[in-house]
Each structure stands twice: as structure tokens, then as C-alpha cells.
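Peer 1: One structure follows; several queries about it will come next.
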Amino acid sequence: MNAIGEFNNLMAEKMKKSQPIQTAFAVVKEVDWGKKTMTATGVVDDLDYYDVLLGLGEIYTKPKTGSRCLIGMINNQGNNSFLIWSEEAEEWMHKVGDAEMEMKDDGFVVKAQGESLKKVLNDFIDEVNKIIVVNGTTINVPAVTAIKQRLNKILI
């Protein structure tokens, strides 16, 4: 590489480093939860941002359509953006290896190694309810069943 080419490359790198990280406030227009992307419309410029990533890596947030959000641009390119924050979310998902936790407005899903926490706890309570004590006091089946129903309100 000649001296002029090297100088141009150095100047381009210096200019890239001096550019601030770009963000934009927007309104969520539509969400494709299957693809983990959304379309959002800029608050200031009314421009649409397509294929905005709903997460980077293992954490994903499903923002509510119509809610305000903050998006960041990778390398300051509007066509390469990701969700930073949303004022309202419908769902959240965190996955580490084969362990997964989801939060929805109607409860939590916790899974690991092919097992669901809800199913394991329900199976356990069902087995406890089968206990029959010959001498003494048996378990309070209605109370244990009520605990199971409470648990099923939290875990989905």
C-alpha cells in the first residue's frame, strides 16, 4: 500500500472513531416475534426502521405495538439497528444454553434440559395428593390442590 492509501485509511478510521453512537426514539409499528424483529417509525423524522433486532444474543424483548422505544444503530446505519428500550413490553425471553426463561403478562415459563418447572411441580403435587396415611393425620388434599392452582397462576 502506498503512503497516500495508508493516510486515507488512517483518516477514515479517525473519522469513524469521532462519530457518536447514534440512537433514535421511535414508535413500534409492527413486531415479528418469530423472526425477533420489528418495524418502528422515528419520532423526529417519521422514517421507518425495518428489521430492527429485538435482542442481541440471549435476551429478547417483544415491545407492545404503538409503544415508544429507543433503538440503536450499529455502525450508525439505520438499516442495521437494535432495540435498546421500550416503554411497554408484551414478552421477554432469556436463553442460556438449553435453559430458557420467558416472562409474559400472564406468567412465567421456566425450562431446562427438556423439563418444564411447572410440569415438574404439578407432577410432584399430584403425587403428594396420593399419599394415604393409615395411622395419624393425612395431608390436606384441598389445601395442597389450592397451592397447585396458585402455582399455575404464576407458571404457564
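The values are calculated or read from the model by the stated rules, or taken from the named source; none is laboratory data. Not measured: the values here are computed from a predicted model. A quick note on method: Cβ atoms are made from the backbone with ideal geometry, for glycine too, and the neighbour counts reach across all protein chains shown. Just the protein is used for accessible areas: all its heavy atoms, side chains included, with ligands, DNA and RNA removed. Shrake-Rupley method; radii C 1.70, N 1.55, O 1.52, S 1.80 Å.
Peer 1: I'd like the FRET efficiency for residue 79 and residue 13, computed as 1/(1 + (r/R0)^6) with the beta carbon distance as r and R0 of 35 Å, rounded to 0.05.
Peer 2: 0.95
Peer 1: Peptides 49-62, 140-153: what's the order by average Cβ count within 10 Å, highest mean first?
Peer 2: Going from most to least packed, we get 49-62, 140-153.
Peer 1: Using the Cβ atoms and a cut-off under 13 Å, what net charge is assigned to the surroundings of residue 119, where Lys and Arg are +1 and Asp and Glu are -1?
Peer 2: -1
Peer 1: For the chain, which whole percent of the accessible surface, found with a 1.4 angstrom probe, sits on carbon and sulfur atoms?
Peer 2: 57
Peer 1: If you split all Cα-Cα distances of the chain into 10 Å bins from zero, what percentages do you get per bin, shortest first?
Peer 2: 10, 25, 20, 17, 13, 8, 4, 2, 1, 0
Peer 1: Given a cut-off of 29 Å, name the pairs among 29/153; 29/119; 104/130; 64/148; 64/118 whose C-alpha atoms lie farther apart than that in the structure shown.
Peer 2: In this structure, 29/153; 29/119; 104/130; 64/148 exceed 29 Å between Cα atoms.
Peer 1: By how many nm would the segment from residue 111 to residue 145 grow when fully extended, if each residue of separation counts as 0.36 nm and the alpha-carbon distance is taken off?
Peer 2: 10.0 nm
Peer 1: Would you kindly derive the ³J(HN,Hα) couplings of segment 100-117 from the backbone phi angles with the Karplus curve 6.51 cos²θ - 1.76 cosθ + 1.60 (θ = phi - 60°), listing them in order in whole Hz, with x for Gly and Pro?
Peer 2: Coupling constants for segment 100-117: 9, 9, 10, 10, 10, 5, 9, x, 10, 10, 10, 9, 7, 6, x, 10, 9, 4 Hz.
Peer 1: On full extension of the chain, what length is gained from residue 135 through residue 59, given 0.36 nm per residue of separation minus the C-alpha to C-alpha distance?
Peer 2: 22.1 nm
Peer 1: Angle between the Cα long axis of helix 3-18 and the longest principal axis of the chain, 0 to 90 degrees, nearest 10?
Peer 2: Relative to the chain, helix 3-18 is tipped by roughly 50 degrees.
Peer 1: Evaluate the distance, in nm, between pseudo-label points positioned 7 Å from the Cα of residue 100 and of residue 67 along their respective Cα→Cβ axes.
Peer 2: The two pseudo-label positions are separated by 2.1 nm.
Peer 1: Okay, next question. Relative contact order, percent, of the chain when contacts are C-alpha pairs under 8 Å separated by at least 6 residues?
Peer 2: With pairs under 8 Å counted, the relative contact order is 14 percent.
Peer 1: Using a probe radius of 1.4 Å on heavy atoms only, what accessible surface per residue do you get for the chain? Whole Å² is fine.
Peer 2: For the chain, the per-residue accessible area is 70 Å².
Peer 1: Each residue of segment 56-63 in order: what ³J(HN,Hα) in whole Hz does its phi give by Karplus 6.51 cos²θ - 1.76 cosθ + 1.60, θ = phi - 60°, with x for Gly and Pro?
Peer 2: Rounded to whole hertz, the list is 10, x, 9, 10, 10, 10, 9, x.
Peer 1: With a ≥ b ≥ c taken as the square roots of the eigenvalues of the C-alpha gyration tensor of segment 21-96, please select rounded if a/c is under 1.5 and otherwise prolate if a/b is larger than b/c or oblate if it is not?
Peer 2: Since a/c reaches 1.5 but b/c is at least a/b, the shape of segment 21-96 is classed as oblate.
Peer 1: Between 0 and 90 degrees, rounded to the nearest ten: what's the tilt of helix 141-154 against the longest Cα principal axis of the chain?
Peer 2: Rounded to the nearest ten degrees, it is 10.
Peer 1: Related question: Just to be sure I understand the model, the point goes 7 Å from the Cα along the line to the Cβ. What's the resulting residue 29 to residue 41 distance in nm?
Peer 2: Calculated label separation equals 0.8 nm.
Peer 1: How would segment 77-156 be classified by its alpha-carbon gyration tensor: rounded, prolate or oblate, with rounded meaning a/c under 1.5 and the a/b versus b/c comparison settling the rest?
Peer 2: Prolate.
Peer 1: Now for a different question. Going highest first, how would you order 64-75, 88-99 by mean Cβ packing within 10 Å? Mind showing how you got there, number by number?
Peer 2: On the way: 64-75: 16.1, 88-99: 14.1.
Averaged packing, sorted descending, gives the order 64-75, 88-99.
Peer 1: May I ask for the Kirkwood hydrodynamic radius of segment 111-153, worked out over all distinct Cα pairs and given in angstroms to one decimal?
Peer 2: 11.5
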